[in-house]
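Working notes, structure below.
Any read-out appearing in this document is the output of simple, stated calculations on the displayed coordinates, not a laboratory observation. The shown structure was predicted, so the numbers you read here are calculated from the model rather than taken from an experiment. Every residue, glycine as well, gets a Cβ built from its backbone with ideal geometry; the counts of neighbours run over all protein chains shown.
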């Protein structure tokens, strides 16, 4: 070890012995060392107004801000709150899906070319783009290219039969297991028979509209049967059910519920026009789905009945165990996410994917949004497009998608379109996707940071991040844009993951803004939002607490402790020690210093992964850009730490928590409180 490095470690150890590393200084200074230790004061240079930090603010349109008062967030609300987003130093906003959709979250799209009317009009959208641009903020859209909602008009047209021009937009099969094993489904073919997952195939009827007669035999309530036959007569009306046995209902489509006629003797009949792509169920309640009120098949594999043949109905206390009944002629469609609400798009073999009708349609619709002023896309679930995650099919496909969109984008711009992909995996699985896209989310950043904070161990963090970068280099598309983040809309809120600790949450923010990459901030994170997913995803998608009429009421499923934990935006703006004020301060600093925004990261020569035995809590690295060099220091420990520094520090540009400095002959001694941070400018 270098002599000076060894002396620094020895000097630091002596200070631990003689000063006592566990003493906590009072807010005004350390009374035990007033003559020598000086509280570090930050003196950053003035920001030049250039948003160089690459900060993107992620928001959910339905949850963020409500201008029109209907309880749902809207585009007008976002426009009115742009000054707030601007105050966080953001140069882009990632909007959740804005298209019409089957569900509140928007990931089951009904039409890529349209705007969900709940969010406003296209005039509202273009106004948002225009005003955001005046503040140096770009708009990115969440674009779902793995699947559509099953009610998308493309899918509805595909159900008209094998002759439909939309049939090839999706993945259909009469015998999926056999067809996959034979290599007949290109998007699953490279995995062979191993790619078959019965939970990802759902039956549909392609028989079209039919007049059908349904007969129930309920004489034995423990084993009732249903018989279906084609009908030639005009559908009849249902009659009131007898009081003795209770009503019976035919359920099909999405919300279609028709009551059977009670004809006596435990027999029920209903003749109706049947036009369901999803089969049908028998129900004994018009409102409840539990306590054995749902009757159908015991499994999807045994759900097809024959005309004229009685089918014994199955029920269960858990309605999820009861499956839709299918008519003769049913086929199967593929959905990666184990739900028949989604239908996977079919791009065919990756070598010719750009020639597929689905590829042409989804890129044509994306061009509409580029024309409307969108500057980038966040691509959802990109590792699920082609079934085989270990092949390079998805990166190949993404390169074609990106190339097509960028070629169109550059017809009216002199720079490339931004596109970031979601690969919900560790960095080693993310790396190959840089062959297809310039930017990818780095989930490992948060995984490693969370571990480090929980283990009070910061010495490995710089090494971990540098390992990510090294792994990506070999597979970079054109450039390597690491989209760093804490939590997002699919994850438990960061503060909840940190056991509610505000101190750790502040440190996590400081680390995010002083590390490499392009930071994403999930709305509410800057306020210290809490929320777990044990009761559903909506609990991590709570309304933004504006403290005024803009606060949405789209849901009442909110953590009861949220408002008293974080207060409101105005409350945190007025509190100089709030998390919001810290986010603004660090974001401004990142925009001010190129070394923080776009510089390279290097480990500290002393306080690094080799210093675990003596200094496990210290996280230290340099950020360098040209002649500008900054030293970043964080204390991941739960106690105060005192250590020696040989760096030729000039002044501090930012602090977080209490930090004290003492000048020595061979350098400096630094005292940092638990969970504190400081960034020094190096001479």
Seminar exercise, completed: Computed from every Cα-Cα pair in the stretch 511-556, P(r) in 10 Å bins starting at 0 and rounded to whole percents is 23, 43, 26, 8
For this session: Treat the stretch 620-664 as a sphere of radius equal to its Kirkwood radius over Cα pairs and apply Stokes-Einstein at 37 °C in a medium of 0.692 mPa s; give the translational diffusion coefficient in µm²/s, rounded to a whole number.
Result: 265 µm²/s
Seminar exercise, completed: For the residue 625, residue 197 Cβ pair and Förster radius 51 Å, calculated FRET efficiency rounded to 0.05 is 0.60
For this session: Could you calculate the contour length gain from residue 68 to residue 391, that is, 0.36 nm times the residue separation minus the distance between their Cα atoms, to one decimal place in nm?
Result: 111.5 nm
For this session: Could you please rank 164, 577, placing first whichever residue has the fewest other Cβ atoms within 10 Å of its Cβ?
Result: 577, 164
For this session: Highest first, please rank the peptides 41-47, 442-448 by the mean number of other Cβ atoms sitting within 10 Å of their residues.
Result: 442-448, 41-47
For this session: Could you rank the peptides 537-548, 347-358, 303-314 by their average count of other C-beta atoms within 10 Å per residue, with the highest value first?
Result: 537-548, 347-358, 303-314
Exercise. What does the stretch 358-476 give for Rg and for Dmax, in Å, if only its C-alpha atoms count?
Worked result: 16.5, 51
For this session: Place the peptides 88-94, 245-251 in order of packing, highest mean first, counting for every residue the other Cβ atoms within 10 Å and averaging per peptide.
Result: 88-94, 245-251
Exercise. How much of the calculated P(r) for the stretch 129-177 lies past 15 Å, in percent of all Cα pairs?
Worked result: 62 percent
For this session: Mind checking the full-extension length gain between residue 43 and residue 576? Use 0.36 nm per residue of separation minus the Cα-Cα distance, one decimal, nm.
Result: 190.2 nm
Exercise. Given labels modelled 7 Å from the Cα in the Cβ direction, how far is it in nm from residue 564 to residue 131?
Worked result: 3.5 nm
Exercise. Over the Cα atoms of the stretch 574-677, what is the Rg over Rh ratio if Rh follows Kirkwood?
Worked result: 0.96
Seminar exercise, completed: Residue span residue 298 to residue 219: 0.36 nm per residue of separation minus Cα-Cα distance leaves a gain in nm of 26.4 nm
For this session: Using label points projected 7 Å from each Cα along Cα→Cβ, tell me how many nm separate residue 664 and residue 257, to one decimal.
Result: 7.6 nm
Seminar exercise, completed: So the FRET efficiency between residue 532 and residue 290, C-beta based with R0 = 25 Å and rounded to 0.05, is 0.55
Exercise. Taking the alpha-carbon centroid of each part, what is the distance from the stretch 41-107 to the stretch 321-399 in angstrom?
Worked result: 27 Å
Problem set entry | C-alpha center-to-center spacing [the stretch 254-282, the stretch 137-194] in angstrom | 30 Å
For this session: Express as a percent, rounded to the nearest 5, the fraction of DSSP beta bridges in the chain (both residues included) that run antiparallel.
Result: 75 percent
For this session: Return, for the Cα atoms of the stretch 98-238, the radius of gyration and Dmax in Å, separated by a comma.
Result: 22.2, 72
